[in-house]
Amino acid sequence: MTNAVKSFDAAEIRKDFPILRQLVHGHPLAYLDNAASAQKPRAVIDAISRFYSSDYSNIHRGVHALSERSTRLYEQGRVQVQRFLGAADAHEIVFTRGTTEGINLVAQTWGRRNIGAGDEILITALEHHSNIVPWQMLCEERGARLRVAPVNDRGEVEKFEFTERTKLLAMAHISNVLGTILPVREVAAAAHARGITVLVDGAQAAPHMKVDVRELDCDFYVFSSHKLYGPTGVGVLYGKSALLEAMPPYQGGGDMIRTVTFEKTTYNTPPYKFEAGTPDIAGVVGLAAAIDYVNEIGIDNIGGYEHELLGYATRELEKIDGLRIIGTARRKAAVISFVLEGIHPHDAGTILDRYGVAVRTGHHCAQPLMDWFGIPATTRASFAFYNTREDVDALVRAIHKAKEMFA
Ligand code: 7TS
């Protein structure tokens, strides 16, 4: 453990998150639903409020002062994301509505150009629906085939079998249900050796670990601002320049064009080619503030602290009779899914809420993974760097209450 992690002061950090200071059903809120969406620090809330109070206008259009200021802030946000991801150029950063839109964008543009009849797309068994369904839709349209790399009992993906027809590998960096961290760099290298394009769903990774797209050497990387302590409604698609340039536009409209006549339209260059219409300008400003905030704490400190908290929570939950943890990968992020003997996850979640403990229950938009483990649903506690051992203790106490009620 580094000194920085040792001195990590979650109690101090919690003061930056106004929403955490509240009672829910008379109990201090233990917010353990961070994989669904994370809370926002004061710095993000203030940045958005400041932007609307003093700088707001549409971008890339007016010559007036506010428009220039807004455009500068929006484009600065792009540079911040570029640096955050270690991308070579800010033009490789496309703003989207979120992870889901980023994947659909690639499926509908790159996919339609590059996937033909008989081709194969390889995903893994632990994907979120948003990294399954867009590829299914594409496969149906193109007559291609979706193949699935299996998970083992721990929830690890050990084997990625490529064939001559595999054109794309689309994989999560971290599983939202199991917390499994996938070996993206190694698998991407193996895929590239066969000329296969690689898309990484980083929705659960970007908030919790250092992501360097050049080191991973992936072709596309997507994530959502709202899981990275930023606002909803905005996300990021990273794509290598050459790929983005070769891709047709996604949606048509303002800002994505160079010239328009009724006979023919020519398109803007990336990333603008993929950003039709007025984007979520304030969202980008908020995302930039979130990245500043995360950088200040240090993503490695965040990951180190969360790893320590995961260890504590795992040990405490393992002591509970009749509780089974789903997902025990050797490389794991701070997400714990579990089932309780004799208690449906939905009932467990409802009782936990009564004690101020916020978790998610259900299939977590990963129904095929639930089928794989032979369970309909799990209860999931997912952690952020503002969670503490007290939150874990509140979770454990509430689980005991649930067990008493169902005994
Ligand atoms: N991919 C992964 C791995 C995710 O965890 C999620 C959201 C998405 C994609 C979709 O992100 P969006 O921002 O476009 O909606 N995951 C969850 C979750 O685990 N609980 O609620 C949302």
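Which three semi-axes in whole Å describe the equivalent ellipsoid of segment 267-407, each the square root of 5 times a Cα gyration tensor eigenvalue, listed largest first?
35, 20, 15
What's the extension gain from Arg112 to Asp89 if we count 0.36 nm per residue and subtract their Cα-Cα distance?
Once the chain is fully extended between Arg112 and Asp89, it gains 5.8 nm.
Compute the Cα gyration tensor for segment 168-210, then decide on rounded, prolate or oblate, letting a ≥ b ≥ c be the square roots of its eigenvalues: rounded whenever a/c is under 1.5, prolate when a/b is larger than b/c in the other cases, and oblate in all that remain.
On the way: a/c = 2.38, a/b = 2.22, b/c = 1.07.
Taking the square roots of the gyration eigenvalues as a ≥ b ≥ c, segment 168-210 is prolate.
Given the C-alpha centroids of segment 148-190 and segment 266-293, what is the distance between them in whole angstrom?
Each part reduced to its Cα centre gives a spacing of 30 Å.
Pull up the cross-link candidates among the aspartates and glutamates for Lys273, meaning alpha carbon to alpha carbon under 12 Å and not fewer than 8 places away within one chain.
Within reach: Glu92, Glu245, Asp255.
Pick out, from Leu66, His27, Ala38, the residue whose Cα sits farthest towards the positive end of the charge dipole of segment 20-103, with +1 on the Cβ of Lys and Arg and -1 on the Cβ of Asp and Glu.
His27
Just want the ordering: Trp135, Trp372, from fewest to most Cβ atoms lying within 10 Å of their own Cβ.
Ranked by crowding around the Cβ, least crowded first: Trp372, Trp135.
What is the pair-distance distribution P(r) of the chain, computed from all Cα-Cα distances in 20 Å bins starting at 0, with each bin given as a whole percent?
Spelled out bin by bin, the chain gives 27, 55, 18, 1 percent.
Fewest first, what order do Lys264, Lys227 take by the number of other Cβ atoms within 10 Å?
Lys264, Lys227
May I ask which of Lys15/Lys240; Lys40/Lys332; Lys15/Lys210; Lys167/Lys264 have a Cα-Cα span longer than 29 Å here? If you can, show how the numbers build up before the last one.
On the way: Lys15/Lys240 39 Å; Lys40/Lys332 24 Å; Lys15/Lys210 24 Å; Lys167/Lys264 32 Å.
Distance filter (> 29 Å) returns Lys15/Lys240; Lys167/Lys264.
So how much slack lies between Asp371 and Ile257, counting 0.36 nm per residue of separation and subtracting their Cα-Cα distance, in nm?
Working it through step by step, the gained length comes to 36.5 nm.
What distance in nm lies between label points placed 7 Å from Cα along the C-beta direction at Val148 and Thr232?
2.9 nm
Express the relative contact order of segment 143-246 as a whole percentage, based on alpha carbon pairs under 8 Å and six or more residues apart in sequence.
19 percent
Can you grab the distance from the C-alpha centre of segment 115-132 to the C-alpha centre of segment 387-407, Å, no decimals?
After rounding, the separation between the Cα centres reads 38 Å.
Could you calculate the contour length gain from Glu404 to Asp321, that is, 0.36 nm times the residue separation minus the distance between their Cα atoms, to one decimal place in nm?
That works out to 28.7 nm of additional length.
Of all DSSP beta bridges located in the chain, what percent are antiparallel, nearest 5?
Taking every DSSP beta bridge within the chain, about 60 percent pair in antiparallel fashion.
Enumerate the residues in segment 184-203 having an amide nitrogen under 18 Å from the point lying 7 Å beyond the Cα of Arg165 toward its Cβ.
Counting backbone N atoms under 18 Å from the label point, the list is 195-197.
Distance in nm between label sites at Leu66 and Glu296, each 7 Å beyond Cα in the beta-carbon direction?
2.8 nm
Please tell me the relative contact order of segment 45-296 in percent, rounded to the nearest whole number, where contacts are Cα pairs under 8 Å and at least six residues apart.
With pairs under 8 Å counted, the relative contact order is 24 percent.
Just so you know, all these numbers are worked out from the coordinates, no wet-lab data involved. Everything numeric in this text was worked out from a predicted model, so none of it was measured. Note that we place each Cβ from the backbone using ideal geometry, even for glycine, and neighbour counts take in every protein chain shown.
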